[in-house]
Amino acid sequence: MRPAGNGGILLEGLEKLEGTLEKIRFYNEDNGYLVGRLRCVSGDAITIVGNFPPMQEGESLRITGKWQVHHRYGRQVAVERWERMLPVTEKGLKRYLSSGLIKGIGPVTAAAIVTHFGLDTLEVMEREPERLQEVPGIGPKKGAMIRESFKKYREMQGVLVFLQGQGITIGQALRLYRHYGPQAADRVKDNPYLLAEEVLGIGFKTADRIARQMGLAADSPDRACAALLFALRDAAGKGDVCLPRENLFERAAELLALPGEAAVPRPLESHLQKLARDRKIYCEDGADGEIVYAAPYYHAERGVARWLKTLASGPQRWDQQKSRAALETAAGKESGLTGEQRLVLEQALGRGLLVVTGGPGTGKTTTIRALLSLFHSLHQKVLLAAPTGRAAKRVHEATGEEASTIHRLLEYSYAEGAGFRFLRHEKRPLEADVLIIDEASMVDLMLMYHLVKAIPEGCRLIMVGDADQLPAVGAGNVLRDLLESGVIPAVRLNHIFRQARESLITVNAHRINRGEMPKLNIKDKDFFFVNEAVPDLVARRVVQLCRERIPNYGPFDPVMDVQVITPMRRTAAGVEKLNKLLQKALNPFDRRKNEVTLRGVTFRSGDKVMQIRNNYQKEVFNGDIGRISKLDLEEGELTVTYRDAGISRPVAYNFSELDEITLSYAISVHKSQGSEYPVIVMPVITQHYLLLQRNLLYTGITRARKLVVLVGTKKAMAIAVGNNRARERYSFLDSRLNREGEEVAGSTEEN
């Protein structure tokens, strides 16, 4: 015996087994790691673990692997090689067909097909699919749907087999297939380095390994250029718009595994110059040396500075009497405006560009309503937008005005042969006199670039947001750069309204922002702390709070009113673990409820789920949260009901589309940006040390409307409150605005 890499003891000797994959207990889509139960031909049931493409329960497998004894889960086979076999029993065929990956086939339809065709079922579906209409209950429409779904599934399996033959892992092969579809194999053959450029989750090392297998030399110029470009794109994925030249060379040299003395700039200098000649990168002198941009980010940063300068230098002049009357009308509709808020209205009348920032309780939403009233009085066409669907819904509910996502505003859509693109731009600008953007801290550089290009001449732009929140997920730190440039007109709202001061949520948010520890556990208040140090026990406390204590305190719906947010994904108190525990506690298995398990994730009727990418056809957006209201195993369809401004709206998903949603009893702090929830429960523990930052804790607690409960230790909280050293991003929009916008009017900030 010897130690195994996954926490077990490996027993010597290979084992060859055949059987039916009876149950998938766990499946990780990122790397294809599967834990399942195999029912062997002998009748014995064993646990198998290993990396597989998407499998269906009921598939017949021939595996080769080694027995091991896991310290926690006991005896299991670690699979080294496997191959699919056609199911050899009618029971296996029924299970295979009804597992959910083939649209239109549920348990009843699967039984009917297998009863009709017997062991010839798969042969018929492969070679004579039109015969499916012989089965009672399958008409032309349903038969066509089953044929198409089965064809796509088999096609995917063939592509995955080829990609695995090139040394590509299951998880990477799945991402390639989702990106390129049936053309995935051809794209790999044409230019492996394109994979690192175009496919999320495929890094340079994977593309490089494939290229080297295909015969590309280690000193190939294409390889070096690919490493430089990937280093810049990888930095952008972490928030950086550009990189210092030396930093870029270090990262590229590491990717290329250059020897120690070669890791200095010289070997890469000629390749950098070639990329510059080809205009794939741009180099500029910075205060501390040369900085390097990938072309799209160079054009975006310069473009944003240029367009903002144009906006800021061209305010529309109003008749003084008319504008004063409009201002008083707006102030009258929103009684009790502070001097800061009135200043916003005055600045908005005289500026083509204005930034409004402030923390919770300082009246940002009231200010937006006053701005809308002001410009409506002047008969101006006002557009209202936010970076995400949930943020747009919030501002719509707060103002009563129509609001959209920035992507929808710019008509982001798919065009055959051109892919996804914005249909609103400088040649086809928006039709508006005033554009107000809420939650502006979430706007990254590239989105800002597309937005400002679409603003017509004479239109004014007003950006509203909290600059102390987490920055945008994408590259850049636009809102903070605008404020720090010193040349963009800005008003900071500092006055906390009396009603807001009565809430410890608001009080503590401002305390944390000043680097002070929050006030805790004051009777009849809305901010509580539960002391627990052990991560597993923290997770159990979170579940207990959601299931028992908070609903009785409220009353609150434990599923839809209580939102758990946590800094990290893969820890004992992270997103993935908490989702499983909360699903089990709040929506446990019930034979009366339908459920489907795909790739190791179980969805059942009543589950709370989140949309994780924008879907403009369904009109659901990244971060939207709803509840599974219907699950039809026969049709291979699941319905999620979302609430839009108090109105319930059902949205249907084919089982093949379930990678668009995920369980959302627990979500990350980043995913919570732009949303509000009645109750927030948040673990704050030292296990999350890497992400214990002031702006993350601040962002988390400001998501709550009525109640915050932190679970963890005061030590961890003190670390977060004291850590205001969030990683600085390489972004030079602020200095570029200074260089290119000297004549832009200065900012106004109330103290």
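The values are calculated or read from the model by the stated rules, or taken from the named source; none is laboratory data. Just so it is clear, the model here is predicted, and its values are computed rather than measured. With ideal geometry, Cβ positions are generated from the backbone for all residues, glycine too; neighbour counts draw on all protein chains shown. With ligands, DNA and RNA removed, areas are computed over all heavy atoms of the protein, side chains included. Shrake-Rupley method; radii C 1.70, N 1.55, O 1.52, S 1.80 Å.
Which residues, taken from the range 329-356, are outside any helix (DSSP H, G or I), under 26 Å from Gly486 (Cα atoms) and polar (S, T, N, Q)?
If the condition is that a residue be outside any helix (DSSP H, G or I), under 26 Å from Gly486 (Cα atoms) and polar (S, T, N, Q), then Thr338 is the only one that fits.
Consider Leu371 against the criteria (1) assigned to a helix (DSSP H, G or I); (2) surrounded by fewer than 22 Cβ atoms within 10 Å (Cβ to Cβ): it satisfies all of them except one. Which criterion is unmet?
(2)
Among the residues of the range 601-636, what is the count of those that are touching a residue at least 40 places away in the same chain (Cβ under 8 Å), part of a strand (DSSP E or B) and within 27 Å of Glu148 (Cα to Cα)?
Qualifying residue count, the range 601-636: 6.
Condition test on Arg127, is it within 41 Å of the chain's Cα centre (by Cα), open to solvent by 30 Å² or more (accessible area, probe 1.4 Å), basic (Lys, Arg) and over 15 Å from Gly636 (Cβ atoms)?
yes
Within the range 571-598, which residues are within 19 Å of the chain's Cα centre (by Cα) and part of a loop (DSSP other than H, G, I, E, B)?
Thr571, Gly574
Those residues that are crowded, with 20+ Cβ neighbours inside 10 Å and either free of Cβ contacts under 8 Å to residues at least 60 places away in the same chain or over 22 Å from Met448 (Cα atoms) (or both), I need them from the range 400-410; list them, please.
Ala403, Ile406, Leu409, Leu410 - these are the residues of the range 400-410 that are crowded, with 20+ Cβ neighbours inside 10 Å and either free of Cβ contacts under 8 Å to residues at least 60 places away in the same chain or over 22 Å from Met448 (Cα atoms) (or both).
Out of the residues in the range 41-62 meeting the condition of being in a strand (DSSP E or B) and either among the aromatic types (Phe, Trp, Tyr) or modelled with pLDDT of 90 or more (or both), tell me which one is surrounded by the fewest Cβ atoms within 10 Å (Cβ to Cβ).
Ranking the qualifying residues of the range 41-62, first place goes to Ala45.
Against the definition (over 30 Å from Tyr153 (Cβ atoms) and aromatic (Phe, Trp, Tyr)), how does Tyr180 come out, yes or no?
For Tyr180, the condition - over 30 Å from Tyr153 (Cβ atoms) and aromatic (Phe, Trp, Tyr) - is not met.
Suppose the filter is touching a Gly at 6+ places or on another chain (Cβ under 7 Å) and in contact (Cβ under 8 Å) with a residue 60 or more places away in the chain; does Ile701 pass it?
No: the conditions fail for Ile701.
Would you confirm, using the coordinates I've provided, whether Glu635 is acidic (Asp, Glu), open to solvent by 40 Å² or more (accessible area, probe 1.4 Å), under 19 Å from the mean Cα position of the chain (by Cα) and at pLDDT below 90?
So Glu635 fails the test.
Among the residues of the range 114-145, write down those that are hydrophobic (A, V, I, L, M, F, W, C), touching a helix residue (DSSP H, G or I) at 6+ places or on another chain (Cβ under 6 Å) and part of a helix (DSSP H, G or I).
Val114, Phe117, Val124, Met125, Leu132
May I ask you to list the residues in the range 667-723 that are in contact with a Lys or Arg (Cβ under 8 Å, 6 or more places away or on another chain), in a strand (DSSP E or B) and open to solvent by less than 10 Å² (accessible area, probe 1.4 Å)?
Correct list: Val679, Ile680, Val711.
If a residue has to be over 24 Å from Asp234 (Cβ atoms) and charged (D, E, K, R) to count, how many in the range 469-501 make the cut?
4
Which ones in the range 84-100 are out of contact with any helix residue (DSSP H, G or I) (no Cβ under 6 Å at 6 or more places or on another chain) and either open to solvent by less than 50 Å² (accessible area, probe 1.4 Å) or at pLDDT 90 or above (or both)?
Passing the criteria: Met85, Gly92, Tyr96, Ser99.
Since Ala652 meets every condition but one in (1) outside any strand (DSSP E or B); (2) surrounded by fewer than 21 Cβ atoms within 10 Å (Cβ to Cβ), which condition does it not meet?
(1)
Is one or more of the residues making up the range 412-421 at positive phi, at pLDDT below 90 and either in contact with a strand residue (DSSP E or B) (Cβ under 9 Å, 6 or more places away or on another chain) or not in a loop (DSSP other than H, G, I, E, B) (or both)?
yes
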